[in-house]
């Protein structure tokens, strides 16, 4: 059982021990199993493009032009890191993204 489960069971018997105190006690007598976390999935590349135009990514950044909020939307080629298409829009919606992808394909 975990230290939190043990702490909860003890509370049912009117013995109030915090989970951290329970963990510290279990660790001092060697009853805590050490385990390692798996590597974060975003730290390893799942796709490795070997030529241009295999994978594109889309990004947008907010900026203020003349006191009004606008967004720069870009489509980047992952292999070459070149900007394939870009546009400045007032709002980022599905329509603007679709129009930008159509522009990039052309």
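The set of residues in the stretch 87-99 being under 24 Å from the mean Cα position of the chain (by Cα) and surrounded by 12 or more Cβ atoms within 10 Å (Cβ to Cβ) consists of 92, 96, 97. Residue pairs whose Cβ atoms lie under 6 Å apart, sitting 6 or more positions apart in sequence or on different chains, and linking a residue in the stretch 20-31 that is assigned by TED's automatic domain parsing to the domain that holds residue 4 to a partner that is in a helix (DSSP H, G or I), are 22/3; 22/6; 22/7; 23/3; 26/3. Can you tell me how many residues in the stretch 37-68 are in a strand (DSSP E or B) and at pLDDT 90 or above? Adding up the residues that qualify gives 10. For the stretch 25-58, the candidate set comprises residues that are surrounded by 13 or more Cβ atoms within 10 Å (Cβ to Cβ) and under 32 Å from the mean Cα position of the chain (by Cα); within that set, the residue that is farthest from residue 101 (Cα to Cα) is 32.
The values are calculated or read from the model by the stated rules, or taken from the named source; none is laboratory data. The structure presented is a predicted model; accordingly, all values stated were derived computationally and were not measured. Note that each Cβ is placed from the backbone with ideal geometry, even for glycine, and that neighbours are counted across all protein chains shown.
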